[in-house]
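In what follows, a single structure is set out as structure tokens and then discussed.
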Amino acid sequence: MRGPSGCCANRGFVPDSIRVTARSRTAALLGAVALVAGLLGASPAVRSEDGAAVARRVAETYAAATHGIVAFDVTTHTQLRAGPFRRDDLEDGAYVAVDGKPVRKRVIRYLDGRHAASSDDLQRLSAKPDPPLTRFGMRLPYLTEGVDAYAFDAPREGDGGTVIAFRATVRDEAHGDGTMTLDSQYRPVRVVFHPAKLPPKHEGTATVTEATVTVEFGIVATGRWEVTRLVHAFSGRYGPLGARADATTSYDAYRFFPTVELAHAAIERE
């Protein structure tokens, strides 16, 4: 039997219908691969890059996303546990930031257990510099001022996007070792890390033996990708007792201003 070209059917002739079917299956397979990659939120191009190069691009993307003058509200709920001792603290405040850097902080309310801070105490808290493990105290690899203080593993596929493991070359409380998850647009989604150096004793009695910090990001306004939540988990000792402190800080009500003065005035009215 001979095919249309005059060659034997069992020596290379493939009907057009079979060629079309093969092409359709290939297209369907490629489409499925693209769909899975999209659902995972992880770009194959990101995963193929060097970890340090990807981290620098993440830092540049975040810096561009946080450009401008904004004010936002902050609420921190802290739970302290040591044996039979229980205490819940609550702090409400507001910040003004310019290009992602804080220029003004105001503590509006602070409850230390059941005791409310006085107006003088609130002023002192407002003027106090942010400690190393707070949002603006940390020097993490999603920041342009922090990225060069880290070594990075190659990107890999993980839950929620591309994951890069990092290790701090600067071993202090503001830097740490952990992982950074990013989406296909090189935006940080989540950072989980352990400080390279644990916090010092608190009031001479509380000792931290383990600390984990989680930073979460999301859309806070049109075109703006920012930190939305910060979670601290500390465990250690309080005198002879095992102790734990858990703090959750939420950031919301982001609003834009044309000048720093107007932003300052806005948080002073709260």
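Throughout, read-outs are computed from the coordinates displayed, never taken from laboratory work. What you are looking at is a predicted structure, and each value in this text was computed from that prediction instead of being measured. All Cβ positions, even for glycine, are placed from backbone atoms using ideal geometry, and neighbour counts span all protein chains on display.
With r defined as the distance between the Cβ atoms of T75 and V170 and R0 fixed at 41 Å, what FRET efficiency is calculated, to the nearest 0.05?
Given R0 = 41 Å and the Cβ-Cβ separation, E is 0.85.
Would you mind calculating the relative contact order of the range 87-181 from Cα pairs under 8 angstrom and at least 6 residues apart, reporting the percent as a whole number?
17 percent
Assuming 0.36 nm per residue, please report the length gained on full extension of the stretch D89 to E261 beyond their Cα-Cα distance.
58.8 nm
From the square roots a ≥ b ≥ c of the eigenvalues of the alpha-carbon gyration tensor of the range 44-268, which class results: rounded (a/c under 1.5), prolate (a/b over b/c), or oblate?
oblate
Amide H to amide H, which residues 5 or more places from V189 or on other chains are under 5 Å from it, using H placed in the peptide plane?
T181, L182, D183
List the lysines whose Cα lies under 17 Å from the Cα of K105, skipping any in the same chain that are fewer than 8 positions away.
Reachable lysines: K128.
How long is the gain from A117 to R237 if the chain were fully straight, where each residue apart is worth 0.36 nm and the alpha carbon distance is subtracted?
Once the chain is fully extended between A117 and R237, it gains 40.6 nm.
Between the range 209-245 and the range 63-141, what is the separation of their alpha carbon centroids in Å?
Each part reduced to its Cα centre gives a spacing of 13 Å.
Under the rule a/c < 1.5 gives rounded, and otherwise a/b versus b/c splits prolate from oblate, where does the range 133-213 land using the Cα gyration tensor?
prolate
Quick one: which residues, 5 or more positions from D172 or on another chain, have an amide H under 5 Å from its amide H? H modelled 1.01 Å from N in the peptide plane, none for Pro or chain starts.
A196, K197
Could you tell me whether the range 55-152 comes out rounded, prolate or oblate from its Cα gyration tensor? Rule is a ≥ b ≥ c as square roots of the eigenvalues, rounded for a/c under 1.5, then prolate if a/b exceeds b/c, otherwise oblate.
It comes out oblate by the Cα gyration axes.
Taking θ = phi - 60°, what integer Hz values does the Karplus form 6.51 cos²θ - 1.76 cosθ + 1.60 yield along the range 250-256, in sequence order, with x for Gly and Pro?
10, 10, 8, 6, 5, 9, 9
How high is the FRET efficiency from Q185 to L125, r the C-beta distance, R0 45 Å, rounded to 0.05?
0.75
Taking the Cα centre of the range 165-270 as the origin, how large is its charge dipole in debye, to the nearest 20, when only Lys and Arg (+1) and Asp and Glu (-1) carry charge on their Cβ atoms?
260 debye
Around T205, which amide H atoms from residues at least 5 apart in sequence, or from another chain, sit under 5 Å from its own amide H, with H modelled in the peptide plane?
So T205 has HN proximity to no qualifying residue.
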